[in-house]
Amino acid sequence: MSLIRNVTTIGGLTAISRVFGFARDMLLARVLGAGGVADAWQLAFQLPNIFRRLFAEGAFASAFVPLFNQRVGSQDGNDDAFRFANDVVAVLVPILLAFSGLALIAMPWVMGLFASDALAADGTRFDLSVAMARIAFPYLAFMSLATLLAAILNSMSRFAAAAAAPIILNLCLVAALIGGAMLGGGEAAKQQTGLFLAIAVSVSGLLQFLWLWFWARKCSFSLKLRRPRLTPEVGTLGRLILPAVLGAGVYQISRFIDLFFLSSLPDKSITFLAMADRLNQLPLGIIGIALGTAILPALSRYIAQSEDGEASRLQSNAVELALLLTMPAAVALYVTGTAITRAFYTGGAYTVADSLATGSVVAMLVVGLPAYVLVKVLMPGFFARRDTKTPVYTAAISLTLNVVLNLVLVPRLGVEGLALAGSISAWTNCAMLYGILAWKGHFRLTGQVVSRIARIMLASAAMGAVLWWLVPLGTDWYIGGVIERITAIAGLVLVGVVVFFGLAIAFGVVNRATIGQLRRRKA
């Protein structure tokens, strides 16, 4: 399968999940609003979700896939790879049970560390947040096992099932919110809705695990529970995972740092950041996850076969495609962020002022959007070579910078400063990763690719200027009726797409020959 075809498969299904996620947050804004129970729910959900992204999707997948790929298609067929996977499961299950048990016991102290002053001072809301976090935390264990199954499917070029799994989470949460909305709008109804949401999270984790288990069986993988044995292969995985927690999970670790600094900010801040991050996650999840997932198995195979030229070519394609898609998305969201948040979030318990504040946070988050995606593209260049130490050093430097910037910017800019600090840190991490790959001779952008990137930036800037002029013209429509809101945002999107791709074609960035070349190249 070609790179574009793999990315399209993963990105298309991820886009469906993100659309449902956006619908979920629109309902969440109207049912819970900002502050109060909404802040308590956001904090309760962040804990298992960040751990899931950090350990399961980030560190585990990055370390497991290269080791699994080395065994795929060996003399024993895939039997050796499947034995390795079951050895990992045998060790992983007791670790997950022990970690989850400790987390459930320690949850009041954990929540106390990250809760805002307003949330900590409200005993009822604080107890509710602890209860929601405890109910939702089993999601981490289910999703860790689901991630192993997804890694197996991706390694065997079966991308669709794993990419579709997150849709289940958003469907469960939407169902919980619809049930909560039927209870009415009082405080008791909001608290009950929060509990519905927590239950839905854990149920969705179980359903995603069962979904991926079904498709893994279709690939002849049988999940077996054995007595845990620390085999040399499992030991190697463990040594790779520990540094990969920092290397692959810098974005998620920065979310923990954000939670700590959010505790010093006024009520509603955590909701503003969560709602803004949903818009940031649309392109980040669709493009970043798709590219990172698609290239890691192929890159691992090329490097294992000493095909360095093919490995470098694959990463160049991924970098160019990442910037072609994320640069205009970042510019467009920076300019139109407040228009989008007013159109989609305003209503029910979410006020216009809440939407405007959320839009300002969006602008600061998307400054780092291309960098976050590029990190996902550059990381496989290290992990495929089983080098998980170098990304640790770059991640440590960028995280240190993030903390310093938070100390400087948060007192002055509030939650916007927090978002901007993360964006600057992401660009720092991206620059270091590329610099080290180039210095080691593993990957270097050619002059032709750099030229195309410059033209992508020029086309994005021109599109941004057009949208900046256009946005004020629809001010009344953004908070009008449903048809007016949809029409206004659809108009902005259409203009942005036409202007950018029109200029990209005029500048020679996108043409039929380039698309055909990418489609023919194998990933």
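The values are calculated or read from the model by the stated rules, or taken from the named source; none is laboratory data. Quick caveat, the model's predicted, so the values are computed rather than measured. So basically every Cβ, Gly included, is an ideal-geometry build from the backbone, and we count neighbours across all protein chains shown. Side chains are part of the model used for accessible areas, which takes the heavy atoms of the whole protein and leaves out ligands, DNA and RNA. Shrake-Rupley method; radii C 1.70, N 1.55, O 1.52, S 1.80 Å.
Results, tabulated for the structure shown:
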{"item": "Near pairs, Cβ below 7 angstrom, 6+ apart or cross-chain, from the stretch 434-458 (without any contact (Cβ under 8 Å) to a residue 24 or more places away in the chain and within 17 Å of residue 391 (Cβ to Cβ)) to any residue that is assigned to a loop (DSSP other than H, G, I, E, B) and among the charged types (D, E, K, R)", "result": "438/444"}
{"item": "Subset of the stretch 146-158 that is open to solvent by 10 Å² or more (accessible area, probe 1.4 Å) and hydrophobic (A, V, I, L, M, F, W, C) - its residue that is farthest from residue 81 (Cα to Cα)", "result": "150"}
{"item": "Residue within the stretch 230-242 that is part of a helix (DSSP H, G or I), farther than 30 Å from residue 430 by Cα and open to solvent by 30 Å² or more (accessible area, probe 1.4 Å) present", "result": "yes"}
{"item": "Every pair of residues 6+ apart whose Cβ atoms lie under 6 Å, when the first sits in the stretch 469-495 and is among the basic types (Lys, Arg) while the second is surrounded by 13 or more Cβ atoms within 10 Å (Cβ to Cβ) and assigned to a helix (DSSP H, G or I)", "result": "485/343"}
{"item": "Residue count for the stretch 84-109, restricted to those that are β-branched (Val, Ile, Thr) and out of contact with any helix residue (DSSP H, G or I) (no Cβ under 7 Å at 6 or more places or on another chain)", "result": "3"}
{"item": "One residue from 417, 381, 359 being within 20 Å of residue 433 (Cα to Cα) and part of a helix (DSSP H, G or I)", "result": "381"}
{"item": "Residues (over 13 Å from residue 499 (Cα atoms), open to solvent by less than 60 Å² (accessible area, probe 1.4 Å) and not basic (Lys, Arg)) located in the stretch 448-474", "result": "449, 451, 453, 454, 471, 474"}
{"item": "Pairs with Cβ under 6 Å, 6+ apart, first in the stretch 253-268 and over 15 Å from residue 110 (Cα atoms), second open to solvent by less than 30 Å² (accessible area, probe 1.4 Å) and polar (S, T, N, Q)", "result": "254/402"}
{"item": "Test: residue in the stretch 125-140 that is more than 17 Å from residue 44 (Cβ to Cβ) and either open to solvent by 50 Å² or more (accessible area, probe 1.4 Å) or of a type outside the set (D, E, K, R) (or both)", "result": "no"}
{"item": "Some residue of the stretch 367-378 being closer than 30 Å to residue 68 by Cα, of a type outside the set (Ser, Thr, Tyr), in contact with a helix residue (DSSP H, G or I) (Cβ under 9 Å, 6 or more places away or on another chain) and in a loop (DSSP other than H, G, I, E, B)", "result": "no"}
{"item": "Filter pass, residue 220 being open to solvent by less than 50 Å² (accessible area, probe 1.4 Å) and either of a type in the set (Gly, Ala, Ser) or free of Cβ contacts under 8 Å to residues at least 60 places away in the same chain (or both)", "result": "no"}
{"item": "Residues satisfying the stated conditions in the stretch 172-188, i.e. surrounded by fewer than 17 Cβ atoms within 10 Å (Cβ to Cβ) and assigned to a helix (DSSP H, G or I)", "result": "175, 178, 179, 181, 187, 188"}
{"item": "Qualifying positions in the stretch 159-171 - open to solvent by less than 40 Å² (accessible area, probe 1.4 Å) and part of a helix (DSSP H, G or I)", "result": "159, 161, 162, 163, 164, 167, 168, 169, 170"}
{"item": "Qualifying residue in the stretch 372-382 (condition: more than 30 Å from residue 116 (Cβ to Cβ), of a type in the set (Ser, Thr, Tyr) and under 23 Å from the mean Cα position of the chain (by Cα))", "result": "no"}
{"item": "Filtered residue count, the stretch 339-356, keeping only those that are open to solvent by 40 Å² or more (accessible area, probe 1.4 Å), touching a residue at least 12 places away in the same chain (Cβ under 8 Å) and assigned to a helix (DSSP H, G or I)", "result": "3"}
{"item": "Top-ranked residue of the stretch 1-35 - restricted to ones that are modelled with pLDDT of 80 or more and of a type in the set (D, E, K, R), ranked as nearest to residue 272 (Cα to Cα)", "result": "25"}
